[in-house]
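Structure record follows, encoded as structure tokens.
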Amino acid sequence: MDLSGQIGNQKFNNIFLNAAGLRCSTTKDLNKLSKNPYVGGVITKSATIKPRQGNPKPRCYGLPDGSINSMGLPNRGLQYYLNYVLQNHQKPMILSIAGISTADDLKMLKTVQQSNYKGLTELNLSCPNIAGHTQIAYDFRGTAELLECIFKFFKKPLGLKLPPYFDLDSIHQCAKILNQYPLTHVSIINFVGNGLWVNINTESPVIKPKGGFGGLGGHMILPIALANVRAFRQDLKSTIKIIGTGGIKTGADVFAHILCGAEMVAIGTQFGIEGGHVYKRLTKELKRIMLNKGYNSLADFRGELKTL
Ligand code: DHB
């Protein structure tokens, strides 16, 4: 059964990626993903210019059908991940970067441009967990200005990680901007920012940073993810592929993401809960659904969501 995907000129033998964030911060984590035969490509933890410890703990908490977190970009710094992706790997790598400011984004992209790295880079415009900083992707004018600056010098394959949007008109506006640039892909969606969970025994939030406000992930955000994948697929030009991210717990969820138009899918919270075994299980579950429906390849149903 063909479970392959393609982003830019990068071919992936199967559609499963890890989502930038969980279990991908160290070379040990990354090597495990790289060796996992059910993982088609590896995304590195979003890098800042310098290493960061991240936010104070507790900063992550399991909810009945998902999680709330405010990690605050703990990572080893750009050079660590650039060194890693520059090594020889058996599968494609995606270098994720997330500046604390747009000046940092530009500085890091200049470093990547000047390096020997030829693979995909993903610019994260949607980390909700840095106190005092807004998510740039919610500011369309700022995003347009940033992309204009970037593509003056950045000539390597580049995608974006976007937050969820809750209004179809926002997606139309965003896609109109993105369609003007040679982007390879968008990863949608990042965490649903600034949720709050309350422990009524202690009468306090469950995580410490930002007074308890944190990003929501896991199965509870699946409908929001599917809506964003579907709406962006309808609005984006066909060369901008979609990495469907958000809410995937079962093979059926993967199937739904692909039906809505995802080229590849990435697993975040469920990978955090289950570990590397999740990719084998999801592959098995997806293949069983395809078999039952008589599909041999993802191309048989990708983007083919029907209307009632
Ligand atoms: C965090 C990091 C991310 O890259 C992201 O997209 C969202 C949250 C974090 O570390 O908090």
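The values are calculated or read from the model by the stated rules, or taken from the named source; none is laboratory data. Given the structure is predicted, the values throughout are model-derived calculations rather than measurements. FYI the Cβ positions are ideal-geometry reconstructions off the backbone, even for glycines, and counts take in every protein chain you see. Please note that ligands, DNA and RNA were not included when accessible areas were found on the heavy atoms of the full protein model with its side chains. Shrake-Rupley method; radii C 1.70, N 1.55, O 1.52, S 1.80 Å.
Side notes on the structure shown:
- Selected residue (criterion: nearest to the ligand (Cβ to nearest atom)) from residues of region 122-134 that are buried (at least 22 other Cβ atoms within 10 Å of the Cβ) and over 18 Å from Leu78 (Cα atoms): Asn129
- The condition of being closer than 23 Å to Lys57 by Cα and charged (D, E, K, R) holds for Lys208.
- Positions within region 291-308 being of a type outside the set (Val, Ile, Thr) and out of contact with any Asp or Glu (no Cβ under 8 Å at 6 or more places or on another chain), in sequence order: Leu291, Asn292, Lys293, Gly294, Tyr295, Asp300, Phe301, Gly303, Glu304, Leu305, Lys306, Leu308
- Number of the condition not met by Leu146 [criteria: (1) free of Cβ contacts under 8 Å to residues at least 60 places away in the same chain; (2) open to solvent by 60 Å² or more (accessible area, probe 1.4 Å)]: (2)
- Members of region 12-37 found to be over 14 Å from Ala266 (Cα atoms), within 16 Å of the ligand (Cβ to nearest atom) and among the basic types (Lys, Arg), listed by number: none
- The residue of region 73-94 that is most open to solvent (accessible area, probe 1.4 Å), among those that are modelled with pLDDT under 95 and over 17 Å from Asn9 (Cβ atoms), is Gln90.
- Just one of the listed residues (Ile97, Ile200, Ile189) is under 15 Å from the mean Cα position of the chain (by Cα) and over 21 Å from Arg76 (Cβ atoms), and it is Ile189.
- Complete set of residues in region 25-36 that are free of Cβ contacts under 8 Å to residues at least 60 places away in the same chain and either surrounded by 23 or more Cβ atoms within 10 Å (Cβ to Cβ) or farther than 15 Å from Tyr80 by Cα (or both): Leu30, Ser34, Lys35
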